[in-house]
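Notes follow once the structure below has been shown.
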Amino acid sequence: MIAFLVRRAATLALTLLAATAVIFVMLEVAPGDPAVTMLGLNASDEAVAALRAELGLNAPPLERYLAWLAGMLRGDFGVSYTYRTPIAELIADRLAVSGPLTLYALALSTLIAIPAGVHAAAHRGRAADAATLGLVQIGVATPNFWVAMLLVLAFSTGLRWFSAGGFPGWGDPLEAMRALTLPAVSLALPQAAILTRVMRSALIETMSEDYIRTARAKGLSERQALRRHALRNAMIPVLTIIGMQFSFLLAGAVIIENVFFLPGLGRLVFQGVVQRDLIVVKSVLTLLVLAVTLVTLAVDAAYAAVDPRLRARRR
Amino acid sequence: MRLSPALVIGAALSLTAVGLAALSFFWTPYDVTRLTVAARLQPPSAQHWFGTDHFGRDIFSMVMVGARASIAVALVAVGVGAGLGVPLGLAAAARRGGWLDELVMRLNDLIFAFPSLLLAIMITATLGPGAFNAVIAIGIFNIPVFARVTRGAALSLWTRDFVLAARVAGKGAARISVEHVLPNVANLLIVQATIQFSLGILAEAGLSYVGLGVQPPMPSWGRMLNEAQTMIYVAPWFAIFPGLAIVLTVLGLNLLGDGLRDLSDPKVRRAR
């Protein structure tokens with residue numbers, strides 16, 4: 001178990017290192033000099049040169065890459081070109097919106113999908129199952145930002161239950177949660193559709209296993225066998241998908257945060273891209289890849305804990 | 001042979017979308033480049049089925065023309081992904097366990113470590129917005145998908161007797177891959193291509209919606225939704241119809257993919 005996790009962690013660490021290199025190289029070739037962007041087009045050449053020196057842009061790329069990595073390991077992400085504040089602070093501020101939003105959406109998606117998937121599997125081939133599958137097909141095909149627009153149309157202009165955007169801060173937690181509700185629902189619904197399908201098919205597959213037949217032979221009703229034996233085993237693929245959805249939700253939040261004018265990480269990245277504040281983009285992207293990697297490792301660990309067979313397998 | 005309802009409905013929806021896009025090259029109810037301010041923001045009516053936008057353009061015509069961009073970007077991105085991913089997957093399976101196999105699988109892991117949409121946004125931001133760069137951004141993610149599917153299916157084929165027979169006959173790995181492995185994974189690849197096509201349409205819509213995809217004056221579904229957002233209170237139909245076009249097209253392609261999969265392998269029917 002320990003050996004398995006160490007091996008997985010080593011692979012993921014290498015992936016992460018390769019990812020930072022890719023991010024660095026990609027933003028290195030990006031057109032546009034950040035010093036020029038910051039000072040405006042009318043800046044004198046001397047001013048630009050001075051700022052380039054201040055930002056450390058004159059060092060060779062490899063040196064800058066290593067300095068950037070070393071800084072991140074110390075928790076020093078550098079200073080934003082445009083905000084003129086340490087990036088670590090910016091990220092911490094934005095994470096206070098994006099973190100809860102992602103978890104809120106993940107919770108909603110799981111709370112919708114698991115009961116829906118179990119219900120559909122238990123009523124396989126009947127009307128409830130067919131209706132669920134139909135809704136799943138529609139959910140998978142719907143872009144989350146369009147869901148967001150429809151929700152705004154229904155609940156903020158029509159019923160006036162929620163505001164159409166903005167974030168009041170965590171001073172009043174209830175108001176803050178209210179502001180995050182429509183964004184979280186629009187992120188969660190398409191993901192819930194995917195998760196429902198996985199839950200349903202995993203459960204149906206498990207129900208055809210030999211040990212379920214044994215349990216039924218011992219006199220358990222189908223429902224009891226499902227509850228006591230099948231559900232736990234069917235959770236394995238569901239767990240993977242929940243882990244994978246974490247990265248989809250983080251990425252989806254970029255667009256949703258723009259729809260609802262939420263000051264989160266996604267908007268930070270997007271504005272960084274538009275304003276060529278590339279050091280912000282680099283740092284946030286690395287952090288997101290780190291988050292995805294850690295979640296992958298957590299899912300692997302959960303897997304290994306649930307299913308001993310997986311520990312022995314190489315890939 | 002009975003065709004499943006999924007296949008029929010999926011094929012009908014997909015063909016409608018492609019057909020309307022093709023028809024838009026020759027005919028649309030109204031000219032989408034002509035601005036008629038007098039007819040602005042009209043709700044759906046007999047003259048304008050989907051209503052008009054803030055410039056008085058016919059939204060039905062715009063949805064028809066917008067289909068071109070969405071379909072073209074997604075289709076070419078599938079071509080990029082399959083064009084590079086399938087040979088990589090075939091090569092990895094032919095040299096299974098070797099360094100090439102290892103390299104392909106690790107590159108797969110690397111690309112999957114990035115939240116896809118975020119990297120697509122970064123790529124289009126680095127290279128500049130536009131349809132061509134959107135194709136690259138979406139296509140890159142299709143490469144590992146096709147490589148993985150091809151490798152997985154090809155691996156089991158390499159243990160089969162007919163491949164062994166081909167080896168005994170003196171055929172090299174490359175020839176076996178092309179002549180014996182590829183035809184046997186083709187069905188699977190067609191299904192995967194359908195799925196990636198539908199995901200590409202969603203991704204293109206997302207990129208265009210944030211302004212990084214197809215650029216004005218070319219209409220696209222994502223850009224229409226972006227413009228509609230500020231007018232959602234006065235002209236909800238402007239937000240509804242392009243969105244419906246996306247949902248119906250993606251739904252159609254997904255159903256088509258499911259239907260084709262069931263058709264090519266009756267064993268998996270109803271198993272999912």
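The values are calculated or read from the model by the stated rules, or taken from the named source; none is laboratory data. All figures in this text were calculated on a predicted structure; none of them were measured in a lab. We place every Cβ from the backbone using ideal geometry, glycine too, and count neighbours over all the protein chains shown.
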| task | Looking at (1) at pLDDT below 85; (2) more than 17 Å from residue B:102 (Cα to Cα); (3) aromatic (Phe, Trp, Tyr), find the lone condition where residue B:162 falls short. | result | (1)
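So, in the range B:16-26, how many residues would count as being in a helix (DSSP H, G or I), hydrophobic (A, V, I, L, M, F, W, C) and free of Cβ contacts under 8 Å to residues at least 24 places away in the same chain?
Keep residues of the range B:16-26 that are in a helix (DSSP H, G or I), which gives B:16-23.
Next, only the ones that are hydrophobic (A, V, I, L, M, F, W, C) stay: B:17-18, B:20-23.
Retained after the next criterion (residues that are free of Cβ contacts under 8 Å to residues at least 24 places away in the same chain): B:22.
Summing the residues that are in a helix (DSSP H, G or I), hydrophobic (A, V, I, L, M, F, W, C) and free of Cβ contacts under 8 Å to residues at least 24 places away in the same chain in the range B:16-26 gives 1.
If we keep just the residues of the range A:159-209 that are small (Gly, Ala, Ser) and in contact with a Lys or Arg (Cβ under 8 Å, 6 or more places away or on another chain), which is nearest to residue A:229 (Cα to Cα)?
We begin by selecting, within the range A:159-209, every residue small (Gly, Ala, Ser); these are A:163-166, A:169, A:171, A:176, A:179, A:184, A:186, A:188, A:192-193, A:201-202, A:208.
If we keep only those that are in contact with a Lys or Arg (Cβ under 8 Å, 6 or more places away or on another chain) as well, we get A:163, A:201.
Values: A:163: 44, A:201: 16 Å.
Among those that are small (Gly, Ala, Ser) and in contact with a Lys or Arg (Cβ under 8 Å, 6 or more places away or on another chain), it is A:201.
Quick check on the range B:198-218. Is at least one of its residues touching a His at 6+ places or on another chain (Cβ under 9 Å), more than 8 Å from chain A (Cβ to nearest Cβ), more than 18 Å from residue B:5 (Cβ to Cβ) and of a type in the set (D, E, K, R)?
Step one: of the range B:198-218, the residues touching a His at 6+ places or on another chain (Cβ under 9 Å) are none.
No, that holds for no residue.
Which of the residues spanning the range A:191-219 are touching a Leu at 6+ places or on another chain (Cβ under 9 Å) and farther than 29 Å from residue A:251 by Cα?
The answer is A:206, A:207, A:212.
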| query | Across the range A:131-162, which residue is farthest from residue A:254 (Cα to Cα) among those that are in contact with a Phe, Trp or Tyr (Cβ under 7 Å, 6 or more places away or on another chain) and at the interface with chain B (Cβ under 7 Å from one of its Cβ atoms)? | reply | A:157
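Show me the helices (runs of 4 or more DSSP H) entirely contained within the range A:1-89 in which 2 or more residues are surrounded by 11 or more Cβ atoms within 10 Å (Cβ to Cβ) and modelled with pLDDT of 80 or more. Can you show your working first?
Working: elements: A:2-28, A:34-39, A:45-55, A:61-73.
The qualifying helices (runs of 4 or more DSSP H) are A:2-28, A:61-73.
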| field | Out of B:73, B:104, B:80, sole residue that is in contact with a Gly (Cβ under 9 Å, 6 or more places away or on another chain), under 26 Å from residue A:25 (Cβ atoms) and either within 14 Å of chain A (Cβ to nearest Cβ) or part of a loop (DSSP other than H, G, I, E, B) (or both) | value | B:104
| message | Just to verify a result, which residue in the range A:256-277, among those that are of a type in the set (A, V, I, L, M) and facing chain B (nearest Cβ under 9 Å), is surrounded by the fewest Cβ atoms within 10 Å (Cβ to Cβ)? | response | A:274
| query | Does residue B:29 qualify as being part of a loop (DSSP other than H, G, I, E, B), in contact (Cβ under 8 Å) with a residue 40 or more places away in the chain and more than 30 Å from residue B:137 (Cα to Cα)? | reply | no
| said: Tally up the residues in the range B:131-178 that are crowded, with 16+ Cβ neighbours inside 10 Å and assigned to a loop (DSSP other than H, G, I, E, B), please. | reply: 2
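Among the residues of the range B:226-242, which ones are touching a Ser or Thr at 6+ places or on another chain (Cβ under 8 Å) and at the interface with chain A (Cβ under 8 Å from one of its Cβ atoms)?
Of all residues in the range B:226-242, those touching a Ser or Thr at 6+ places or on another chain (Cβ under 8 Å) come to B:226, B:232-233.
Passing the criteria: B:232, B:233.
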| Which condition breaks for residue A:115 when tested against (1) of a type outside the set (A, V, I, L, M, F, W, C); (2) in a helix (DSSP H, G or I); (3) at the interface with chain B (Cβ under 10 Å from one of its Cβ atoms); (4) surrounded by fewer than 17 Cβ atoms within 10 Å (Cβ to Cβ)? | (3)
